[in-house]
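Each value in this text was obtained by applying a stated rule to the coordinates, not by laboratory testing. Please read all numbers here as calculations on a predicted model, not as lab measurements. Don't worry about glycine lacking a Cβ; one is built from the backbone with ideal geometry, like all the others, and counts go over all protein chains shown.
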Amino acid sequence: MTTAVRLEGLRKIYANGTEALKGIDLKVEAGDFFALLGPNGAGKSTAIGILASLVRKSSGRVEVFGHDLDRDPQAVKRCIGLVPQEFNFNQWEPVEEIVINQAGYYGIPRRVATGKARKVLQTLDLWSRRRVQARSLSGGLKRRLMIARALVHEPPLMILDEPTAGVDIEIRRSMWAFMQEINRAGTTIILTTHYLEEAENLCRSIAIIDDGRIAESSTMRALLQRLHRQAFLLTLKKPLERLPEGAPVELGLHDEHTLEAVLGQDQTLNQLFGWLDRQGIEVLSMRNKQNRLEQFFMDRVQKRREAAA
Amino acid sequence: MTPDTRDVQAGGRVRGTNWIAFSTLVIKEVLRFSRIWVQTVLPPAITTTLYFIIFGNLIGARIGEMDGYGYKEFIVPGLILMAVIANSYANTVSSFFQAKYQRHIEELIISPVPNWIILAGYVTGGVARGLVVGLVVTGVSLFFADIRIEHPLLTLLVVVLTSILFALGGLINAIFARNFDDISVIPTFVLTPLTYLGGVFYSISLLPPFWQQVSLANPVLYMINAFRYGILGVSDIDPAVALLLILGFILVLGGLALWLLYRGVGIKN
């Protein structure tokens, strides 16, 4: 399998002495949908900045589709489409021009770029707004514009830095569908997000950066299988004043209508519901108390903080 | 995955990409100042008209001839070049600083556009605005003065080189600028005094010997006089010396700007 991104011993020390990356090693396979997670200030944006040539690395090696960033930065740049965290287009320029110009920077002739811009703007439902100044778009449409701009030169690697931050659920879901579609078409995707549900649903591989180091790197499936406990919140049909004894799983009563159930690795929902049925407790609905990945993530961060303390 | 994408992965590169990137940048720059023509092209036309009404008609009539020309004709080259200098500088300093401020300079940094193309694109944009404004001012001047260009090629050479030089100056200013004050300091406190004291409205032969020598330290004097020589055929300075000086400055500032872009000063972490 081709390797899309290989980072070796990547370090970054900023001018103020902050060591944002402490020698990270990371591999992303071609065609993967890869989640890069970490708390604020962990080093995610620095790593992405280095990949995209926005930040100079202090040391280490970066390779994108076999092109070395030091030896052939232009080839690396041609492989990447970046959707940054913050809006970084000319707010006064018309939408279509922003996309056509970006294509031009990648050496696509204007006539061809116009056709490509039309295609991506139509795909992202921006075609009807193509002549308006970018500043007049809503937050969600601005995010879509950045995706359109990043896609126009058809990069084999897309890096999306919190692409769904601050957008409503409808746009977020349409963006998820779109990301899955381009990934299925062969584009490798690296996604950073604070919505861990998003990462769990979309990504096949995951790395967690914490304090400038890779704290975890594996497939999403392998990582989730390692989780030992899952918590659920159950809404009860009738009020319950006191919990009956002898529950097969760990139970707690939040209020008279809400029951919390924590299941260990070997416990099943069937056991829980069988017992509830026998007790005459009817359940109206059930939801995860915490997203599984979120639980894992918080455990990792907590452990690191305890170790640091 | 399209064949284009596979080509990109393999490091494939279409010939002429630098030219396409350059022309994209120039078109973008020209569209930018054209869209805001009321701020960019119109003011110099109004200012020049006022200069001609006040200095040319009202005061100039009492001044009489200067270097063998009527005062209105004498000030035409200086007024044109003054507008070219100010607008070439203003275009790059404001455009590049805005790109930094709104962070859309990142569009260029992440793309495979070499630094020298970024430099050439922005400078050409500055030259384009300088020349457009120069033509507008020339058009206004023709309403007030009778102008015949003595040395057309030299005139063109001086105006283009001067425009390149100040577009480079504007770019360097923008690279270092951290806020909007930083982009107005040089034009207000350096460029304007140098231009006004650079012989736009007078010949330095009118000055006492000491101030004549002081004036020779002003590089803008050389440019205005070389341009005046191109149009009127009279100058306080040897045009060859002026051309060498402009070329020297272009090499120094061009080299500096390119080095700053390579180092990522002001634009990269």
* Asked: If one computes the Cα centroid of the stretch B:182-219 and of the stretch B:59-94, what distance in Å separates the two points?
  -> 13
* What's the center-to-center distance, using Cα atoms, between the stretch A:199-257 and the stretch A:59-88 in Å? -> 36
* Structure fact -> Applied in sequence order to the stretch B:84-98, the curve 6.51 cos²θ - 1.76 cosθ + 1.60 (Karplus, θ = phi - 60°) yields integer Hz couplings, x standing for Gly and Pro, of 5, 4, 4, 7, 4, 5, 4, 5, 6, 5, 6, 5, 5, 5, 4
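Once the cut-off is 17 Å, how many percent of the Cα-Cα pairs in the stretch A:243-309 end up in the long-distance tail?
Numbers: 1166 of 2211 pairs.
Of all Cα-Cα distances in the stretch A:243-309, 53 percent exceed 17 Å.
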* To do: Fewest Cβ neighbours within 10 Å first, please rank A:M286, B:M66, A:M179 accordingly.
  => A:M286, B:M66, A:M179
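If you take each beta carbon of peptide A:85-93 and count the beta carbons of other chains within 10 angstrom, what is the mean?
Values: counts 0, 2, 3, 8, 5, 10, 3, 6, 6.
The mean count of partner-chain Cβ atoms within 10 Å per residue comes to 5.
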* Structure fact -> If one builds a Gaussian network model of chain B from Cα atoms under 10 Å apart, the most fluctuating residue listed among B:P114, B:P209, B:P193 is B:P209
* To do: Mind checking the full-extension length gain between A:K27 and A:Q91? Use 0.36 nm per residue of separation minus the Cα-Cα distance, one decimal, nm.
  => 19.5 nm
* Helix A:292-308 sits at what angle to the longest principal axis of chain A, using alpha carbons and giving 0 to 90 degrees rounded to 10? -> 90
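Looking at chain B, what % of the alpha carbon pairs are farther apart than 23 Å? Working shown, then result.
Numbers: 19731 of 36046 pairs.
I get 55 percent for the Cα pairs in chain B exceeding 23 Å.
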* To do: Could you tell me the distance between the Cα centroids of the stretch B:239-266 and the stretch A:16-34, to the nearest Å?
  => 39
* To do: Using only the alpha carbon atoms of the stretch A:130-248, find the Kirkwood hydrodynamic radius as the inverse mean reciprocal pair distance, in angstroms to one decimal.
  => 17.7
* Under Karplus coefficients 6.51, -1.76 and 1.60, residue-wise ³J(HN,Hα) of the stretch A:3-16 in Hz, glycine/proline x -> 8, 7, 9, 10, 10, 10, x, 6, 10, 9, 10, 6, 4, 7
* Structure fact -> With +1 on the Cβ of every Lys and Arg and -1 on the Cβ of every Asp and Glu, the dipole magnitude of chain A about its Cα centre, in debye rounded to the nearest 20, is 1240
* Asked: For the residue pair A:A307 and B:D238, what label-to-label distance in nm results when each label sits 7 Å from Cα along the Cα-to-beta-carbon direction?
  -> 7.4
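Residue separation times 0.36 nm, minus the C-alpha to C-alpha distance between B:L207 and B:S184: what's the value?
Numbers: separation 23, 0.36 × 23 = 8.28 nm, distance 3.01 nm.
Here the segment from B:L207 to B:S184 would lengthen by 5.3 nm.
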* Cα Rg, Dmax (largest Cα-Cα span) when computed across the protein assembly as shown, Å -> 31.9, 115
* Asked: Can you give the Kirkwood hydrodynamic radius of the stretch A:186-233 from its Cα pairs, in Å with one decimal?
  -> 12.2
* **Sparse-neighbourhood loop sites, GluC sites (Glu not before Pro) in the stretch A:194-242 - DSSP loop, at most 16 other Cβ within 10 angstrom** => A:E241
* **Fewest-first sequence of B:T48, B:T17 by Cβ atoms within 10 Å of each Cβ** => B:T17, B:T48
* Asked: Say each of B:L247 and A:R71 gets a label point 7 Å from the Cα, pointing the same way as Cα to Cβ; how far apart are those two points in nm?
  -> 4.1
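How much length is gained on full extension from A:L233 to A:I13, taking 0.36 nm per residue of separation minus their Cα-Cα distance? List each step's numbers first, then the result.
Numbers: separation 220, 0.36 × 220 = 79.20 nm, distance 4.43 nm.
The A:L233-A:I13 span can extend by a further 74.8 nm.
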* **Per-pair calculated FRET efficiency, R0 = 60 Å: B:Y262 and A:Q265 via Cβ, rounded to 0.05** => 0.60
* Cβ-Cβ FRET estimate between A:D299 and A:A247, R0 fixed at 22 Å, reported to 0.05 -> 0.35
* Structure fact -> Projected onto their principal axes, the Cα atoms of chain A stretch, largest extent first, over whole-Å spans of 73, 46, 39
* Which one of B:G170, B:M66, B:P209 has its Cα pushed farthest toward the positive end of the charge dipole of the stretch B:29-263, where Lys and Arg give +1 and Asp and Glu give -1 at the Cβ? -> B:G170
* Structure fact -> A student asked for the Cα radius of gyration and Dmax of the stretch B:156-255 in angstrom ought to give 14.3, 43
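Give the average over all directions of the projected area of the C-alpha convex hull of the stretch A:1-102, one decimal, in nm².
Values: hull surface 31.8 nm².
Dividing the Cα hull surface by four gives the mean projection, 7.9 nm².
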* To do: Kindly provide the pair-distance distribution of the stretch A:51-130 built from C-alpha pairs, with 10 Å bins from 0 and whole-percent values in order of increasing distance.
  => 16, 39, 30, 13, 1
